[in-house]
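Have a look at the structure below before the remarks.
The values are calculated or read from the model by the stated rules, or taken from the named source; none is laboratory data. Quantities reported herein were computed from a predicted structural model and do not represent experimental measurements. Note: ideal-geometry Cβ built from the backbone for every residue, glycine included; neighbour counts use all protein chains shown. Accessible surface is based on the protein model in full, side chains and every heavy atom, while ligands, DNA and RNA are left aside. Shrake-Rupley method; radii C 1.70, N 1.55, O 1.52, S 1.80 Å.
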Amino acid sequence: MEPSGFNPKARWDRHIPETGANNYNPEELNEKIEVLARFVNGKVKPEILIWKNREYRIKKITYSWQERQGLEIISYFSVDTDPNLYQISFNNTSFRWQLDKII
């Protein structure tokens, strides 16, 4: 008989990351950044990201999508700053911009 009990992985609304050396990804940054953006027809369009006191002009948004995390909606953007590609995100509840990773 299977033992019954609480399984934290069974909850759909949260992700508990595994620990260990094999799960480390140096490209995942998750750092707070500043972004200059325009709002056009109800959509946000990032134009410049500021990370570690350097400005990176966004040449092109290569892809964008949204995900719901509980009550929050996170808008993700894959942006080309030529020569680098970054994934940045905007939390529509806290109004926080974040540099997620270098692609």
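Quick look at the values:
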read-out: Per-region count, region 38-56, residues within 16 Å of SER75 (Cβ to Cβ) and either open to solvent by less than 40 Å² (accessible area, probe 1.4 Å) or touching a helix residue (DSSP H, G or I) at 6+ places or on another chain (Cβ under 9 Å) (or both); value: 3
read-out: Breaking point among (1) at pLDDT below 90; (2) more than 16 Å from the chain's Cα centre (by Cα), for PRO17; value: (2)
read-out: Candidate set from region 70-91 (those that are over 8 Å from the mean Cα position of the chain (by Cα) and part of a strand (DSSP E or B)); member that is surrounded by the most Cβ atoms within 10 Å (Cβ to Cβ); value: VAL79
